There are 2 protein chains.
Amino acid sequence: MNEIKVTLADQLKQKPLAEQLEFGRIFTDHMFIMDYTAGKGWHDARIIPYQPLVLDPAAIVFHYGQTVFEGMKAYETPEGKVRLFRPEKNMQRLNKSNDRLCIPQIDEKLALSAIKKLISIDKEWVPSAEGTSLYIRPFVISTEPYLGVAPSKNYQFIVILAPVGAYYKEGINPVKIAVENQFVRAVAGGTGEAKTAGNYASSLKAQELVADKGYAQVLWLDGLEKKYIEEVGSMNVFFKIDGEIITPALNGSILEGVTRNSVISLLKHWGYPVNERKITMDEVYQAHKNGTLEEAFGSGTAAVISPIGELAWRGENIVINESKTGFVSKQLYGILTGIQTGKEEDPFNWTVEIE
Amino acid sequence: MNEIKVTLADQLKQKPLAEQLEFGRIFTDHMFIMDYTAGKGWHDARIIPYQPLVLDPAAIVFHYGQTVFEGMKAYETPEGKVRLFRPEKNMQRLNKSNDRLCIPQIDEKLALSAIKKLISIDKEWVPSAEGTSLYIRPFVISTEPYLGVAPSKNYQFIVILAPVGAYYKEGINPVKIAVENQFVRAVAGGTGEAKTAGNYASSLKAQELVADKGYAQVLWLDGLEKKYIEEVGSMNVFFKIDGEIITPALNGSILEGVTRNSVISLLKHWGYPVNERKITMDEVYQAHKNGTLEEAFGSGTAAVISPIGELAWRGENIVINESKTGFVSKQLYGILTGIQTGKEEDPFNWTVEIE
Ligand SMILES: Cc1ncc(COP(=O)(O)O)c(C=O)c1O
Ligand SMILES: Cc1ncc(COP(=O)(O)O)c(C=O)c1O
């Protein structure tokens, strides 16, 4: 196994105040980096001061987007320890994404120990205020300077850290979501189930158009028939209809969220009937009409649980649970963030302490 | 209009020999670069020595692939002049791609004059051997260091130049193409008609799988029904069936190739019946069976015209024109490259001389 060489920063940056924290604008003092060279494999794992990347303008990542990323968080517990939430799941998904993008596999244990070491070096950056956390962004870029359309021979695996604020300043708050009827995020046979740049690039336009009308995110329908619900912005989505909790089944075009998986486990643990299956927007609309649409929410690392107060679809406004946070959303948010921050019991052994 | 500041390289690189030229591995002495800052617009247009880009690891391009590019060529004429081929078309397409990717529009005249100026500075790099040319790669990257999924506030527009060799060492040669039945490149509502990184990232896996079996490229079918023909690798595609020349109609998921457009104009000019319409793989197969599939070829800046000698589909090998270059392919290749290099008359005024 690769040893991790550490070079500490001479000067440490000023840390932001808790109330200044936003999402993903401020980065810590150090970063992790490891190189891949064809024939040699991954090598030179190192932690260095946070610094710019220096890349040939012909590097494949700029032209053909051969890149993948992950997103996870570290939390401070009441005892001042730092915990990760199911990080091995993110490392597995990273390698699944790598496979789809023709990027060489990364040693998951090494990557995780690099992340832990980096966080322990920058542990003063883990914020402690309610709702704050340290966002962890591992990513791989293709660095070979070559304009042919082919997998790169060289890569860098990089991890950067960003202290982030509470997603909802005043606790969780329902959002308005627009159902997208024109643009498509992903389709079976495409890259939807990988966490890769192009999926997000493709989503910007739809997002921008609805943001102008006051919607927080778009809800994506399937690319084939624009009938089946896929996911919301960068969250998976759940509906509670007549007591049953439904989330779209993984079909190759939906990202397999770690939060989604955790939500399903918790709900089953609590005895709720949970179904991963195809669900059409029409079914949701009918449930709304006949009064059985009880709740809807998104799940993802950034917001954890995001209740949906309103869905705009074909000129109709589907108001859900009187635009209030539903019982299941509230319960999930409380328990999940409680487990993550070590304030609640962790029945599934999901959290991993650092050091 | 922005003035272009020029800083020349102190040391010039050694130029490659014509026979060493490949595609996109060697770059010239200079590059063009221009910055965009929200509120200020595009500014600081400059030509500088070819050099690495220095970017924050959180730059949006690495994470969300907000980037577009173009590809065009400059050719040396027998009189030693340098010509571009329909460059205004590439600039228009660049802005169309920019629009899809939420990237601010670029002044097309300024971009073109920057490209001309850059080439005139590096004109010694335009190769003159038969089949060689100077490949021009304009591209835009999003540089804001921000992990939220949103359009960047800052960008760079960059142009690099690469002398490239003949695509076919011994004249044009038919290639074997595999029809792709599993993976999907693009779908209506996605980014298929934009020239953006994610489309190419998504294609790598399919390409890699067929390359192992001896195929040069994949032929993409539509993402919805996997029935209709879209394009081939990085080329548009044409079929000659019973005297009629057919190419898939632009439908939102196909790139509008400059070569495609030129091929259609030339064929019409010569009196061929040309149809832009939907065409299924089944129609091509039936034509093969009943002996009316006369020719097939791809069109694109890199290869200009690439005859298709064989198509693999559902376990069948569809051999076209006995795997020989057809008459129309040969005629198009000869005339198009003749116009591009100034050896043939240019009836449509397609070429633009530099200086
Ligand atoms: C497209 C998309 N869907 C769903 C999710 C939720 O996944 P997770 O719960 O692992 O954060 C994310 C990201 O975080 C995402 O980007
Ligand atoms: C996907 C794709 N289709 C078609 C083409 C052909 O376009 P053009 O003739 O403008 O080179 C290209 C690129 O060059 C391409 O990348």
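The values are calculated or read from the model by the stated rules, or taken from the named source; none is laboratory data. Computed from a predicted structure; not experimentally measured. Methodologically, a virtual Cβ is constructed for each residue, glycine included, from the backbone with ideal geometry; neighbour enumeration extends over all protein chains shown. Just the protein is used for accessible areas: all its heavy atoms, side chains included, with ligands, DNA and RNA removed. Shrake-Rupley method; radii C 1.70, N 1.55, O 1.52, S 1.80 Å.
Numbers at a glance
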quantity	calculated
Cβ-based net charge around B:Trp220, under 9 Å, with every Lys or Arg adding one and every Asp or Glu removing one	-3
Net charge of neighbours whose Cβ lies under 13 Å from the Cβ of A:Glu180, counting Lys and Arg as +1 and Asp and Glu as -1	+2
Per-residue average of Cβ from other chains inside 10 Å of A:47-53	3
Diffusion constant of region B:175-340 at 10 °C, which comes from Stokes-Einstein with the Kirkwood Cα-pair radius and 1.306 mPa s, µm²/s	100
Equivalent-ellipsoid semi-axes of region B:280-354, from the Cα gyration tensor, Å, largest first	31, 11, 10
Reciprocal mean inverse distance between Cα atoms of region B:5-164 - Kirkwood radius, Å	16.5
Anisotropy class of region B:129-185 from Cα gyration tensor, a/c 1.5 cut	oblate
Shape of region A:169-221, Cα gyration tensor, a/c cut at 1.5	prolate
Heavy-atom accessible area order for B:Val175, B:Val184, largest first, 1.4 Å probe	B:Val175, B:Val184
Percentage relative contact order, chain B, counting C-alpha pairs under 8 Å, at least six apart	18
Above-threshold pairs, the threshold being 26 Å between Cα atoms, out of B:Lys96/B:Lys117; B:Lys5/B:Lys153; A:Lys227/B:Lys213; B:Lys289/B:Lys330	A:Lys227/B:Lys213
Sequence ranges B:92-101, A:139-148, A:39-48, ranked by mean other-Cβ count within 10 angstrom, highest first	A:139-148, B:92-101, A:39-48
Ranked by how many other beta carbons lie within 10 Å on average, peptides A:124-134, A:185-195 from highest	A:185-195, A:124-134
Accessible area (Å², 1.4 Å probe, nearest 10) - B:Phe348	70
Gaussian network model of chain B, springs between alpha carbon atoms under 10 Å - residue of B:Leu219, B:Leu84, B:Leu55 with greatest fluctuation	B:Leu55
The protein assembly as shown - Rg over Rh from alpha carbon coordinates, Kirkwood radius	0.99
Mean Cα-pair separation over length for region B:290-355, i.e. relative contact order, pairs under 8 Å, 6 or more apart, %	25
Innermost chain B residue relative to the axis carrying B onto A, by Cβ distance in angstrom	B:Gly198, 1
Leading residue at positive end of dipole, chain A (Cβ point charges), from A:Leu293, A:Leu21, A:Pro87	A:Pro87
For region A:5-164, size of Cβ-based charge dipole, Lys and Arg +1, Asp and Glu -1, in debye	360
The protein assembly as shown, dipole about Cα centre (Lys/Arg Cβ +1, Asp/Glu Cβ -1), debye to the nearest 20	120
Sparsely packed GluC sites (Glu not before Pro) within region A:239-326, loop by DSSP, other Cβ within 10 Å at most 16	A:Glu256
Other protein chain Cβ atoms within 10 Å, averaged over every residue that makes up B:140-147	4
Gyration tensor (alpha-carbon) shape descriptor, region B:99-221, a/c threshold 1.5	oblate
Exposure of A:Glu108 as accessible area (Å², to 10), given a probe of 1.4 Å and all protein chains	70
Residue-level accessible surface for B:Lys123, protein heavy atoms, 1.4 Å, Å²	90
Positive minus negative residues near B:Met34 (Lys, Arg vs Asp, Glu; Cβ under 10 Å)	-2
Debye intensity ratio in log₁₀ form over the Cα atoms of chain A, taken at each q of 0.12 Å⁻¹	-0.92
